[in-house]
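Enquirer: For reference, the structure I am asking about is given below.
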Amino acid sequence: MGHLAYDAAHLFGGAVLALSFVLLYQRRLTAVINAYALQALVLAIAAAWQGWAQGAPHLFLTAAITLGVKAIAIPLGMHSFVRRLGMNRAVESALGVFPSMALGVGLVALSIMVVLPVTAQSHMLTREDLALALSVVLMGMLMMISRRTALTQVIGFMSMENGLILAAVSVEGMPLVVELSVAVLVLLAFAVFGVFFFRIRDQFDSLHLDHLDRVDGGPR
Amino acid sequence: MNAAFGFLALILHLGLMLAAAPILIGAIRKLKARLLARTGPPIIQPWRDLARLAQKQPVLAENASWLFSAAPGAAFAATLAAAALVPSFALGMTTAPASDLLVIGGLLALARVILALAGMDVGTAFGGIGSSREMMYASFAEPALVLVIFTLALLAGGTNLDAIAGLLVGGSQGLRVSLALALLAILALALVENGRIPIDNPASHLELTMVHEAMVLEYSGRHLALIEAAAALKLLVWLGLIAAIFAPFGIAPAGAPPVAWLIGLGAWVGKIAVLGLALSVFETSIAKMRVFRVPEFLGIAILFAMLAVVFLFVSQGFA
């Protein structure tokens with residue numbers, strides 16, 4: 001495996017991270033969904049590249065799952081959610097765009113500082129890939145925290161899961177079982193969230209999570 | 001012998017930059033018109049406009065000071081000096097030792113400051129608004145540019161553009177996440193510095209949305225010709241800068257015989273054409289953003305540039 005194979009893998013990881021920032025920057029629901037689809041697409045390319053570079057054919061399967069489910073099926077489903085629910089097209093954010101981007105950079109720095117010392121004995125580029133993947137996970141969490149509507153939080157959750165897959169493909173010798181189960185898990189979560197959406201809307205005529213604060217069983 | 005070649009390359013380079021800059025503007029306008037299913041003016045129209053303007057007498061406001069009539073020439077000279085420092089088809093031109101990224105950034109900033117001062121000179125409201133907005137953008141763009149320069153300096157061990165291009169063309173650095181992030185930052189910067197569409201509309205003559213055009217609203221005749229030539233040259237300098245740093249392939253190495261220049265010239269034309277095409281498609285597909293969104297946009301360029309520096313520190317083993 002040449003230098004180029006590592007470099008390209010690294011670059012794809014960087015692209016996934018950059019797309020996490022793009023996700024945070026969007027102000028429209030459809031644009032968020034498209035950015036998520038693009039991130040999944042780049043992740044699929046990264047997985048396929050790792051499959052070729054590591055000579056691990058099962059990674060091609062991971063790439064195909066990522067491409068089919070996360071880059072195509074889920075975004076299409078999301079778009080139809082937005083249409084059918086007649087949702088507000090603006091992203092409601094608890095935090096301004098610029099503060100959340102700045103926090104994102106802080107999270108990247110944090111994940112680098114966390115990953116590098118604990119993986120001191122492994123290969124430099126593997127360590128950087130892990131740092132990239134951890135940043136993507138943390139940025140997904142940030143998105144879940146800083147966005148108000150359920151759909152954007154789901155996208156944050158799935159973007160976080162993209163980070164997990166990125167970590168899984170960049171470490172050599174990860175068994176397929178893990179990846180398959182993670183993929184299925186996301187699909188399940190997606191279905192659950194879908195049901196959840198409709199429940200929330202039936203109950204409250206809105207997808208605004210503030211409405212849930214009133215039903216916590218506490219004193220009214 | 002090398003010195004003679006270097007000087008010849010410099011002369012050819014300057015001629016090429018001067019001749020190609022209006023053509024580039026014309027080509028971008030033509031492409032944008034075609035993308036909107038219009039016919040568009042011919043590609044050499046900017047040259048015709050320049051020739052027409054150059055023959056006309058400038059109209060000066062009554063209270064214009066010497067600064068007002070000196071500014072177009074000074075801004076053009078600063079931009080031309082920057083153009084002389086950014087290599088196009090060959091490395092190792094006579095100006096190579098001086099082609100420092102900080103100097104190039106400084107010369108472009110100088111041109112901008114001169115025009116901003118001239119915009120306020122006559123005392124009209126639009127000139128003042130244009131100048132103040134241009135300076136607001138500049139104050140956000142400069143830190144991002146400095147961070148990008150810092151990234152490249154860390155990578156190449158110096159800020160000399162000629163050396164950086166020479167190092168990167170060898171491919172010894174490979175693909176770097178830092179370089180990709182720095183590229184994103186510098187693309188955003190190029191859009192801001194040249195007043196392209198998400199920031200400012202170069203074709204706009206609606207006063208409320210103008211930035212650069214508002215600043216130079218009072219100019220006419222040969223002064224306007226110089227300002228438009230400087231703006232065209234600036235766009236070419238930025239595209240050339242991006243091409244020289246991030247796609248230095250095909251550029252003739254220092255001291256190469258003139259035959260290699262031909263290859264370098266072909267590669268340069270190809271790179272500028274690709275960048276110009278990308279710019280046209282991008283501008284056609286996006287709407288102008290509100291003025292107060294621009295600092296946010298530039299803040300993101302700063303963040304990307306900062307990430308580039310962080311990753312570079314990491315991969316060089318500082319952490």
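The values are calculated or read from the model by the stated rules, or taken from the named source; none is laboratory data. Note that the structure is a prediction, hence the values are computed from the model and not measured. Note that each Cβ is placed from the backbone with ideal geometry, even for glycine, and that neighbours are counted across all protein chains shown. For the accessible areas, the whole protein counts, side chains as well, though only heavy atoms, and no ligand, DNA or RNA atoms are used. Shrake-Rupley method; radii C 1.70, N 1.55, O 1.52, S 1.80 Å.
Enquirer: Note down all Cβ pairs under 7 Å where the first residue falls in the stretch B:236-257 and is in contact (Cβ under 8 Å) with a residue 40 or more places away in the chain, the second is among the polar types (S, T, N, Q) and open to solvent by less than 40 Å² (accessible area, probe 1.4 Å), and they're at least six residues apart or on different chains.
Expert: Hits for this filter: B:237/B:79; B:238/B:194; B:240/B:88.
Enquirer: Anything in the stretch A:22-42 that is surrounded by fewer than 23 Cβ atoms within 10 Å (Cβ to Cβ), farther than 14 Å from residue A:165 by Cα and either within 15 Å of the chain's Cα centre (by Cα) or more than 10 Å from chain B (Cβ to nearest Cβ) (or both)? List them, or say none.
Expert: Scanning the stretch A:22-42 gives A:22, A:25, A:26, A:28, A:29, A:30, A:31, A:34, A:35, A:37, A:38.
Enquirer: Can you pull out the residues in the stretch A:59-96 that are in contact (Cβ under 8 Å) with a residue 12 or more places away in the chain, farther than 16 Å from residue A:151 by Cβ and open to solvent by 20 Å² or more (accessible area, probe 1.4 Å)? Quick ask: steps written out before the conclusion?
Expert: Restricting attention to the stretch A:59-96, the residues satisfying the condition of being in contact (Cβ under 8 Å) with a residue 12 or more places away in the chain are A:59-67, A:69-72, A:74-75, A:77-79, A:81-82, A:85, A:87-95.
Narrowing further to those that are farther than 16 Å from residue A:151 by Cβ: A:59-67, A:69, A:71-72, A:95.
Across the stretch A:59-96, the qualifying residues are A:60, A:61, A:64, A:65, A:67, A:69, A:72, A:95.
Enquirer: Would you mind finding the one in B:3, B:21, B:81 that is part of a helix (DSSP H, G or I), touching a residue at least 12 places away in the same chain (Cβ under 8 Å) and over 24 Å from the mean Cα position of the chain (by Cα)? Step through it out loud before you land on a result.
Expert: Values: B:21 fails: over 24 Å from the mean Cα position of the chain (by Cα); B:81 fails: over 24 Å from the mean Cα position of the chain (by Cα).
None of the others qualify; the one that does is B:3.
Enquirer: Then there is this: Regarding residue A:56, is this residue in contact (Cβ under 8 Å) with a residue 60 or more places away in the chain, more than 14 Å from chain B (Cβ to nearest Cβ) and under 17 Å from the mean Cα position of the chain (by Cα)? Reasoning before the result, please.
Expert: Numbers: in contact (Cβ under 8 Å) with a residue 60 or more places away in the chain: yes; more than 14 Å from chain B (Cβ to nearest Cβ): yes; under 17 Å from the mean Cα position of the chain (by Cα): no.
Considered against the rule, which asks whether it is in contact (Cβ under 8 Å) with a residue 60 or more places away in the chain, more than 14 Å from chain B (Cβ to nearest Cβ) and under 17 Å from the mean Cα position of the chain (by Cα), residue A:56 comes out as no.
Enquirer: Now for a separate question. (1) of a type outside the set (Lys, Arg); (2) surrounded by 21 or more Cβ atoms within 10 Å (Cβ to Cβ); (3) modelled with pLDDT of 90 or more; (4) within 30 Å of residue B:4 (Cα to Cα): which one isn't true of residue B:144, the others all being true?
Expert: Here residue B:144 meets the rest and fails (4).
Listed here are the residues, each with its yes/no results for (1) modelled with pLDDT of 90 or more; (2) open to solvent by 30 Å² or more (accessible area, probe 1.4 Å).
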{"site": "B:189", "(1), (2)": "yes, no"}
{"site": "B:204", "(1), (2)": "no, no"}
{"site": "B:232", "(1), (2)": "yes, no"}
{"site": "B:247", "(1), (2)": "no, no"}
{"site": "B:256", "(1), (2)": "no, no"}
{"site": "B:259", "(1), (2)": "no, yes"}
{"site": "B:269", "(1), (2)": "yes, yes"}
{"site": "B:275", "(1), (2)": "yes, yes"}
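Enquirer: Kindly check whether there is at least one residue in the stretch B:288-300 that is within 14 Å of chain A (Cβ to nearest Cβ), buried (at least 21 other Cβ atoms within 10 Å of the Cβ) and within 30 Å of residue A:126 (Cβ to Cβ).
Expert: Scanning the stretch B:288-300 turns up at least one residue that is within 14 Å of chain A (Cβ to nearest Cβ), buried (at least 21 other Cβ atoms within 10 Å of the Cβ) and within 30 Å of residue A:126 (Cβ to Cβ).
Enquirer: Being open to solvent by less than 30 Å² (accessible area, probe 1.4 Å), within 13 Å of chain B (Cβ to nearest Cβ) and farther than 20 Å from residue A:164 by Cα is true for just one of A:5, A:46. Which residue is that? Lay out the reasoning, then the answer.
Expert: On the way: A:46 fails: farther than 20 Å from residue A:164 by Cα.
Result: A:5 is the single residue among A:5, A:46 that is open to solvent by less than 30 Å² (accessible area, probe 1.4 Å), within 13 Å of chain B (Cβ to nearest Cβ) and farther than 20 Å from residue A:164 by Cα.
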